[in-house]
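Step one of this worksheet: look at the structure below.
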Amino acid sequence: MDSAAASAIPRGQVDLVDFVDWSGVECLNQSTSHSLTNALKQGYRDDVGLHLESDADEQLLIYIPFTQVIKLHSVVIKGPEEEGPKTVKLFTNKEHMGFSNVSDFPSSDSIALSPDNLKGKPVNLKYVKFQNVRSLTIFIEDNQGGNDVSKVQKIVLYGTTDWPTKL
Amino acid sequence: MVLEATMICIDNSEWMRNGDYSPTRFQAQADAVNLICGAKTQSNPENTVGVLTMAGKGVRVLVTPTSDLGKILACMHGLEIGGEMNLTAGIQVAQLALKHRQNKKQQQRIIVFAGSPIKYDKKTLEAIGRKLKKNSVSLDIVDFGESDDGKPEKLEALLAAVNNNDSSHIVHVPPGPNALSDVLISTPVFTGDGDGGSGFAAAAAAAAAGGLSGFDFGVDPNIDPELALALRVSMEEERARQEAAAKKAAEDAAKQEKGGEQASSSHDATMAEPNSSSVPAVDDKRHNLTDDEAALLEQALAMSMDDPKSTNVAVADTDMSEATADDHELALALQMSVQDNAKDSPTQSEMSKVLEDQSFVSSILNSLPGVDPNDPSVKDLLASLQGQSESQQKQNEDKQENEEDK
C-alpha cells in the first residue's frame, strides 16, 4: 500500500512543502500536543507516532500561506481509518477564516476522502480553480467514524510554481 | 509582551449597587477596568482593548478594541446601572468584536466581570467555552459580588471548557476591605501568562493613581521645598506614632503572621476616614517612594553612624511637629493621609519586598552605635519589626538624612 502511495508523485508536480511560509501557518481547534507541524513538516509527517489532532470538536481549520504563487494539482491526506477526515473543503486566497465563515462563500473544491485516500492515494483537484494560489485554507468538516476527534497523519500538497514563467 | 486584543465585559446590572466592595461594586469594577486597560496598553503598545456592558437594555459595545487609553477611560463615564446581566450574549458579542479586530495577528482575549448571579446552566456555559476554545479565544473571569446558586462551580466549568494550555484564568474576589483592583493586580489577569507582570502592574497602579502631578501631597518640591519637606516629615512622625501604638496591641496576637494582615487588622480599628480618590493617589506615590528610599537608606544609615546627630534630629523632629501643629487643617489632612496610607500599604502587592527590607533594616539599626536609643521614634520603630513601621524607619532615616542635608 505504502509503495503505491510513495511513488505516486504526479508527473511534473513537486512537493510544495518547500514553498510553505511557516511563519504564517495557523490551525484552529488543534490540540496543543498534536499540532499541525506533525502533519505538515517534512520528517514529522512521516513519523507514524506524530499526528494532528482536533481539540474541542471534530472540525479543523488549517491555513497555509505560501512564499510564492503556486498552482495546486493534488493533495494527499493520510489518517487513521476511523478518525481520519471525511469531508474536506479547500479555499484559496482567503486570509484568517474562522469556523463561522466557512459557509459564507463556496469552496474552491470539496473532496470526500475514501479509505484509500487515507492510506495515501492522492486526490486530484479541480486544477483550474487552483491556478493562482497564495494561500490555502483546508477545512476538515468531519471524520470517517463521526468521532469527536479528528486525526490527520500527513498532509502533502503537490503542484507547480510559477517560477519559470514569472520574472 | 504578548500581542493581544482584549474585550472587557462589564457587569452593570442592579446587583452592582451593593456597597460590599468600596465604594460600590460598580465603582470598584470601573477602577479595576481602568487598571487593566492601562496594564494591557503598557505591556505592548500595539495591544488593543475594548469594552462592552452586559446589562442594561442589552449588550452594548462601548468602544471597539483600540489602543487609545483615553477613549477607553472616557467611555467609562456616565455608565448607568440597571437591568440584568446577560453573560452568554456578552461573551458572544465580545467574540464577534474580537473577530473583526484590525490586526489579525493579535491574540484574542475576553475578560468578564461576573458580579451578579448567573442564570444559565453549566451546559450552556460549557458550550460557549468550547466555542471560544475552538476559535482560540482566551477567557479571564473575575468572580465577585454575588456568590450563590453554584456560581463558582459554573464559572469553573466555563473556565475548564475554555482553558487551553493555561491561557485562561479565573479569580474569585470575596468582599472585603481590599479594593477589587488591588486584589487583581497580583493575579494572572494582570500579569498575563508569566511575563514579568508586576512591572506593568506597578506602572499601571502609578498611572491610574497619577492624577496628581506625580509629587507628594500635590506640592511641587521645586516650587516650595520647605513646605513639601515639612509635610513629609510630619506625616512620617504621625505614622510612626500611630503604627507603634497599633503594633503593640496586635503584636502578641499575630507575631508569626505576615505583617500585612496584622497591620490591616489593627488598622481597621483606627480607620476613621473613608478613602477619597486623591488619598489613594498620594498613598501609591508614597509607597513608590519607599522603594526608592531603600537605596537612600544605606547612605542615611552610614551618615547616622558617623555623627551623633540623632539628638539633633530628635530636636528637629519636635520643631517640625510644632510647625505643623499650628496649622490644624494641614495636620488633619496629614492624619487622614497617614491612616489611609497605613491601611493601604499592607494591601499593596509590594508588601513582601518591604518585609525583606525590614529585616535587613532592623538588623542594621540594631548594630548602629550612632543611633540614639532614647530617640522616641527610633525606639518605637525598633519595637515593631513588621508592617509599615519598617517603611517608616526608612522614611525616618531619610528624614534624618534630609535634616543633615539642610
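Throughout, read-outs are computed from the coordinates displayed, never taken from laboratory work. Not measured: the values here are computed from a predicted model. No Cβ is skipped: glycine too gets one built from the backbone with ideal geometry, and neighbour counts run over all protein chains shown.
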Subject >> Sequence-distant residues sharing a close amide H with A:Ser54 (under 5 Å, placed H) >> reply: A:Ser31, A:Ser150
**OP:** Scan the range B:106-144 for chymotrypsin sites (Phe, Trp or Tyr not before Pro) in coil per DSSP, keeping those whose Cβ has at most 16 other Cβ atoms within 10 Å, and list them by number.
**Re:** B:Tyr120
Original post:
Rounded, prolate or oblate: which fits the range A:84-167, taking a ≥ b ≥ c as square roots of the Cα gyration tensor eigenvalues, rounded meaning a/c under 1.5, else prolate when a/b beats b/c?
Top reply: oblate
Subject >> Ranked B:Thr48, A:Thr32, criterion: other C-beta atoms within 10 Å, fewest first >> reply: A:Thr32, B:Thr48
Original post:
Once you sort the root eigenvalues of the Cα gyration tensor of the range B:65-191 as a ≥ b ≥ c, which label holds: rounded (a/c under 1.5), prolate (a/b larger than b/c) or oblate (the other case)?
Top reply: rounded
Subject >> In Hz, Karplus ³J(HN,Hα) per residue of the range B:237-249 (6.51, -1.76, 1.60; θ = phi - 60°; x = Gly, Pro) >> reply: 4, 4, 5, 4, 5, 5, 4, 4, 4, 5, 4, 4, 5
Subject >> trypsin sites (Lys or Arg not before Pro) lying in DSSP loop within the range B:75-149, provided at most 13 other Cβ fall within 10 Å >> reply: B:Lys104, B:Lys105, B:Lys119
Subject >> Neighbour-count ranking [beta-carbon atoms within 10 angstrom, fewest first] of B:Thr6, A:Thr161, A:Thr137 >> reply: A:Thr161, A:Thr137, B:Thr6
Subject >> Cα gyration tensor category, rounded, prolate or oblate, for the range B:1-73 with a/c compared to 1.5 >> reply: oblate
Original post:
Relative contact order for the range B:102-181 using alpha-carbon pairs under 8 Å, separation at least 6, rounded to a whole percent?
Top reply: 34 percent
Original post:
Amide H neighbours of B:His172 under 5 Å, counting only residues 5+ apart in sequence or on other chains, H built in-plane at 1.01 Å?
Top reply: B:Asp143
Subject >> Backbone HN-Hα couplings from phi across the range B:110-123 [Karplus 6.51/-1.76/1.60, Hz, Gly and Pro as x] >> reply: 10, 10, 10, 9, 9, x, 9, x, 9, 8, 8, 8, 4, 4
Original post:
So who's got an amide H within less than 5 Å of the one on B:Gly50, skipping anything under 5 residues away but keeping other chains? H placed 1.01 Å off N, in plane.
Top reply: B:Thr6, B:Met7, B:Ile8, B:Thr66
Original post:
GluC sites (Glu not before Pro) within the range B:1-72: which are DSSP loop residues with at most 16 other Cβ atoms inside 10 Å?
Top reply: B:Glu46
Original post:
Taking GluC sites (Glu not before Pro) that fall in a DSSP loop and have at most 15 other Cβ atoms within 10 Å as cut points, what is the longest piece of chain A between them?
Top reply: A:1-80
Original post:
Looking only at trypsin sites (Lys or Arg not before Pro) in DSSP loops with at most 10 other Cβ atoms within 10 Å, what is the longest site-free stretch of chain A?
Top reply: A:12-165
Original post:
Counting partner chain Cβ atoms within 10 Å of every residue's Cβ in B:131-137, what's the average?
Top reply: 5
Original post:
For the range B:1-139, what is the relative contact order in percent, using Cα pairs closer than 8 Å and at least 6 residues apart in sequence?
Top reply: 33 percent
Subject >> Using θ = phi - 60° and Karplus 6.51 cos²θ - 1.76 cosθ + 1.60, couplings along the range B:13-28 (whole Hz; Gly, Pro as x) >> reply: 7, 4, 5, 7, 6, 4, x, 6, 10, 8, x, 9, 4, 5, 5, 4
